[in-house]
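Participant: First the structure, then my questions, so here it is.
Read-outs throughout are calculated quantities, based only on the coordinates presented, and are distinct from any laboratory measurement. Predicted model only: the values in this text are computed from it and were never measured. Ideal geometry is used to build each Cβ from the backbone, glycine not excepted, and the neighbour counts take in all protein chains shown.
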Amino acid sequence: MNNDFIKKAELSLKEKKTHLEQELSSFATKDPGLRGDWDTKYPRTPEGGLEEAAGEVEEYSTNLHIEFSLEVQLKNVNTALAQIEKGAYGICQNCKTEILKERILAIPESQYCTTCTKKQ
Ligand SMILES: [Zn+2]
């Protein structure tokens, strides 16, 4: 993997990171105690009665699912950025072979090669 390619991947990782953090901050607050952990804002005490309360709780649980998936993506992006710094980017965490460029281009935060992903 050459430097130009890694630079390109790093750029798209950074863009992705900004985007993910923006999305997360729209409905979650960064947990100050845990690095990289976000908490979905719990709805305020509703003023519109029970019906509105049920709607807000539903929205909260939907947000929790979205938060989890965004958080996982953000963690992988951060891991990949750290790997670029260490010069260990693009290596499968399981079998230690180089991840295909096509895969990196599609998912720059990939931690596993195509073969290992299929096995999971
Ligand atoms: Zn692998």
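Participant: In terms of Cα to Cα distance under 18 Å, which lysines are near enough to LYS17, apart from those fewer than 8 places away along the same chain?
Facilitator: LYS7, LYS8, LYS30, LYS75
Participant: Show the residues, 5+ positions off or on another chain, whose built amide H is closer than 5 Å to the amide H of ALA28.
Facilitator: HN-HN under 5 Å from ALA28: LYS41.
Participant: Can you give me the angle between helix 50-86 and the longest principal axis of the chain, using Cα atoms only, in degrees from 0 to 90, rounded to the nearest 10?
Facilitator: The answer is roughly 20 degrees.
Participant: Can you find, among LEU74, CYS92, LEU20, the residue farthest towards the positive end of the dipole of the chain? Put +1 on the C-beta of Lys and Arg, -1 on that of Asp and Glu.
Facilitator: Value computed over the given set: CYS92.
Participant: Using the Kirkwood radius over Cα pairs, work out the Stokes-Einstein diffusion coefficient for the chain at 37 °C and 0.692 mPa s, in µm²/s as a whole number. Before the final figure, lay out the partial values.
Facilitator: Values: Rh = 16.3 Å.
Estimated via Stokes-Einstein, D reaches 202 µm²/s.
Participant: Picking from THR79, THR62, THR18, which is most flexible by a Gaussian network model of the chain using Cα springs under 10 Å?
Facilitator: Per the Cα network of the chain with a 10 Å cutoff, THR62 tops the list.
Participant: In whole Hz, with x marking every Gly and Pro, tabulate ³J(HN,Hα) for the range 107-120 from phi via Karplus 6.51 cos²θ - 1.76 cosθ + 1.60, θ = phi - 60°.
Facilitator: 10, x, 8, 3, 10, 10, 6, 4, 4, 5, 4, 5, 6, 6
Participant: Using modelled amide H (1.01 Å from N, peptide plane; none on Pro or chain starts), what sits under 5 Å from the amide H of LEU100, excluding residues fewer than 5 places away?
Facilitator: Those lying under 5 Å, H to H, from LEU100 are THR114.
Participant: Now a separate question. Give the calculated FRET efficiency between GLU52 and ASN2 to the nearest 0.05, with a Förster radius of 41 Å applied to their Cβ-Cβ distance.
Facilitator: 0.15
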